[in-house]
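Working notes for the structure below.
The values are calculated or read from the model by the stated rules, or taken from the named source; none is laboratory data. Since the model is a prediction, treat every value here as computed from it, not as a measurement. We place every Cβ from the backbone using ideal geometry, glycine too, and count neighbours over all the protein chains shown.
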Amino acid sequence: MKTTLELPDSLVRQIKLRAIQEGRKLKDMVAVLLQKGLEAPESGLTGQSALGYDERTQLPVVRCRLSRPLSPEQVAEILLEQEQAWQRDLS
C-alpha cells in the first residue's frame, strides 16, 4: 500500500543512515522500524518514562533499548549539518 507521510528532516536522515548501514531500501527500513515499534511492549521505555536527566549536567537523556551508538563519522556528519544550518540561519 502506498501512503504519504510528512516527517521531520532530521528523522528521515536518521532512517536513511540506518537503511544504508543495514543495506536496505528506505521504504523497507521504515517498515521494519514501524513494525518494531508496534511489537514493543506497552510498558517499555516510551514517552515520558524514557526521559531522564543526567545528574552531572542536568541535561535530558533519552534511553532506548533499540538504539545503537553512532560512529565518529556519523557524529561528525550530524555536527557539520547542524553548523551549516546555523550558518544559513544567520545569513
Per-region count, the range 1-17, residues under 8 Å from the mean Cα position of the chain (by Cα) and among the hydroxyl-bearing types (Ser, Thr, Tyr): 1
Residues that are modelled with pLDDT under 55 and either surrounded by 13 or more Cβ atoms within 10 Å (Cβ to Cβ) or on the phi > 0 side of the Ramachandran plot (or both), drawn from the range 32-45: GLY44, LEU45
